[in-house]
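Enquirer: Have a look at this one before I ask anything.
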Amino acid sequence: MAQSLYNVFFSPTGTTRAVVDKVADAIAADLDISNIIVNLTQPTKRPVAVGGEAGNVLVFGFPVYGGRVPAVLADSIKKFDGEGVYAIPVAVYGNRDYDDALVEAVDLLTAHGFKVVAAGAFIGEHSMAPRVGEGRPDAADLAAAEQFGHDVAAKLAQENYERPQVKGNRPYMDAMAPRDDRPKTTDACTVCGICVKRCPMGIIDAEDPAKIGEGCLQCNACVKSCPVDAKYFDDEMSLKIKAMLEGNFMARREPELFL
Ligand SMILES: Cc1cc2nc3c(=O)[nH]c(=O)nc-3n(C[C@H](O)[C@H](O)[C@H](O)COP(=O)(O)O)c2cc1C
Ligand code: SF4
Ligand code: SF4
C-alpha cells in the first residue's frame, strides 16, 4: 500500500502549481497518505531526488514549452527514482496545444522505472500572451483537476495499474531552438527584489534587476510578478509569437484526461 504522494512540479507563473495541487490533494486525501510537495521551480531546488519506496505515488506537473517537456527539467528527471512508484504526469499548456509533451513525459517517467497510471493535459493562461487562455485555470478547470485526482485515487484503490493511451506522437516534434531574448526593465523598477526571487534561472541581478544574465527561459515569471509592471519583452520573436497566438488560439480548449 502506498505510503506517500510526491507532488513534484515546475511552475514559473503558478498555473501548473494551481492544477497539480488540486490533483495531488484529492489523491492524497482519498488514499489517506501523506502529501510531500517538491517545488522544482527555484534553481536551488533542482535537481533533487524524488520517488522513494515502491507503492508511492508521484504527481509530476510541468508547463508545456514548445510542445515538449521543458528542457530545463532534464537534470531533475535524471534524479527521479521510480522503481515501483505510480506516476501521473500533468501537462499545463497555454491553450495552443500540448503536442508531444505528455507522451514525452510518459516515456521519461517509464524510463526511470515509474508505472504511469494516468495523465492529464490542462490549460493555463499563456505566459507569453496572457490574453490567450486568460484567467485559466478557472473554477471549472480546478474542479476538473480535483475530479481527476478522485478518479486516479479510485483506479489505484482498485489496484488497476494499466497504462493509459496518451495523445501525442513519437518521434516527438523538434525541441524549440534556444534563443537569447531577455526581458527589459523600465525606470519604474523599485528594486523590490520580487522578480529576483521568482526567476527560475536565478539570473536577475539583485542589486540591479535590469541586469539579466544568460539562460532566460522567456518564462515570464518576472514580467507577471512585478508589482509595478516594470518588466517586459519587446524583442521581435516575442512580439511575433504573441501576435501569432492571439490571432489563432483564442478558442477555448478543455482539459483532456487519460485514465
Ligand atoms: C517558452 C515557452 C514555450 C511555450 N510553449 C507552449 C506550447 O507549445 N503550447 C502551449 O499551448 N503553451 C505554451 N506555452 C505556455 C505555457 O505552457 C503556459 O502558459 C503554462 O500555463 C505556464 O505554466 P506556469 O504558470 O506553471 O509557468 C509556452 C510558454 C513558454 C514560456
Ligand atoms: S529573466 Fe527570464 S527566466 Fe528569469 S523570470 Fe524573467 S523570463 Fe523567466
Ligand atoms: S519585481 Fe519589478 S520592481 Fe521589483 S525588482 Fe523586479 S523589476 Fe524591479
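Enquirer: I'd like the full set of residues that are closer than 29 Å to P171 by Cβ and either within 15 Å of ligand 1 (Cβ to nearest atom) or surrounded by 15 or more Cβ atoms within 10 Å (Cβ to Cβ) (or both), limited to segment 29-61.
Expert: Scanning segment 29-61 gives L40, T41, R46, V50, G51, L58, V59, F60, G61.
This table checks each residue for (1) under 15 Å from the mean Cα position of the chain (by Cα); (2) in a strand (DSSP E or B).
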| site | (1), (2) |
| --- | --- |
| P47 | no, no |
| A54 | no, no |
| L73 | yes, no |
| V90 | yes, yes |
| L102 | yes, no |
| V106 | yes, no |
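Enquirer: Looking at A243, A230, which is the one that is loosely packed, with under 12 Cβ neighbours inside 10 Å and either more than 27 Å from D100 (Cβ to Cβ) or more than 16 Å from ligand 3 (Cβ to nearest atom) (or both)? Break it down into steps so the answer makes sense when it comes.
Expert: Details: A230 fails: loosely packed, with under 12 Cβ neighbours inside 10 Å.
Only one candidate passes the filter, namely A243.
Enquirer: Output yes when any residue across segment 62-71 is surrounded by fewer than 16 Cβ atoms within 10 Å (Cβ to Cβ), in the same structural domain as F114 (by TED's automatic domain parsing), assigned to a helix (DSSP H, G or I) and under 15 Å from the mean Cα position of the chain (by Cα), and no when none is.
Expert: Looking through segment 62-71, at least one residue is surrounded by fewer than 16 Cβ atoms within 10 Å (Cβ to Cβ), in the same structural domain as F114 (by TED's automatic domain parsing), assigned to a helix (DSSP H, G or I) and under 15 Å from the mean Cα position of the chain (by Cα).
Enquirer: Can you find even one residue in segment 140-150 that is touching a Gly at 6+ places or on another chain (Cβ under 6 Å) and surrounded by 11 or more Cβ atoms within 10 Å (Cβ to Cβ)?
Expert: Narrowing segment 140-150 to residues touching a Gly at 6+ places or on another chain (Cβ under 6 Å): 148.
When the remaining residues are screened for being surrounded by 11 or more Cβ atoms within 10 Å (Cβ to Cβ), the result is 148.
For segment 140-150, residues touching a Gly at 6+ places or on another chain (Cβ under 6 Å) and surrounded by 11 or more Cβ atoms within 10 Å (Cβ to Cβ): present.
Enquirer: Something else: Could we say that E214 is within 16 Å of ligand 1 (Cβ to nearest atom) and either in a loop (DSSP other than H, G, I, E, B) or not assigned by TED's automatic domain parsing to the domain that holds R46 (or both) here? Even if it seems obvious, please write down each step before you answer.
Expert: Values: within 16 Å of ligand 1 (Cβ to nearest atom): yes; either in a loop (DSSP other than H, G, I, E, B) or not assigned by TED's automatic domain parsing to the domain that holds R46 (or both): yes.
Spelling it out, E214 is indeed within 16 Å of ligand 1 (Cβ to nearest atom) and either in a loop (DSSP other than H, G, I, E, B) or not assigned by TED's automatic domain parsing to the domain that holds R46 (or both).
Enquirer: Filter segment 59-84 down to the residues that are touching an Asp or Glu at 6+ places or on another chain (Cβ under 8 Å), touching a residue at least 60 places away in the same chain (Cβ under 8 Å) and on the phi < 0 side of the Ramachandran plot and list them by number.
Expert: R68
Enquirer: Among the candidates D181, D205, single out the residue that is at pLDDT 95 or above, within 13 Å of ligand 1 (Cβ to nearest atom) and not aliphatic (A, V, I, L, M). Please lay out each step first, then the result.
Expert: Details: D205 fails: within 13 Å of ligand 1 (Cβ to nearest atom).
Checking each option against the conditions leaves just D181.
Enquirer: Which count do you get for residues in segment 149-187 that are within 30 Å of S225 (Cα to Cα) and more than 16 Å from ligand 2 (Cβ to nearest atom)? If you could, list the steps in order and put the result at the bottom.
Expert: At the first step, the residues of segment 149-187 found to be within 30 Å of S225 (Cα to Cα) are 149, 175-187.
Keeping just the survivors that are more than 16 Å from ligand 2 (Cβ to nearest atom) gives 149, 175, 177, 187.
Number satisfying all stated conditions: 4.
Enquirer: Please determine whether any residue of segment 69-78 is away from ligand 2 (no atom under 16 Å from the Cβ), under 21 Å from M201 (Cβ atoms) and touching a helix residue (DSSP H, G or I) at 6+ places or on another chain (Cβ under 8 Å).
Expert: For segment 69-78, residues away from ligand 2 (no atom under 16 Å from the Cβ), under 21 Å from M201 (Cβ atoms) and touching a helix residue (DSSP H, G or I) at 6+ places or on another chain (Cβ under 8 Å): present.
The values are calculated or read from the model by the stated rules, or taken from the named source; none is laboratory data. Every value quoted in this text rests on a predicted model; they were computed, and no experiment measured them. Heads up, the Cβs are rebuilt from the backbone with ideal geometry, glycines too, and the neighbour counts pull from every protein chain shown.
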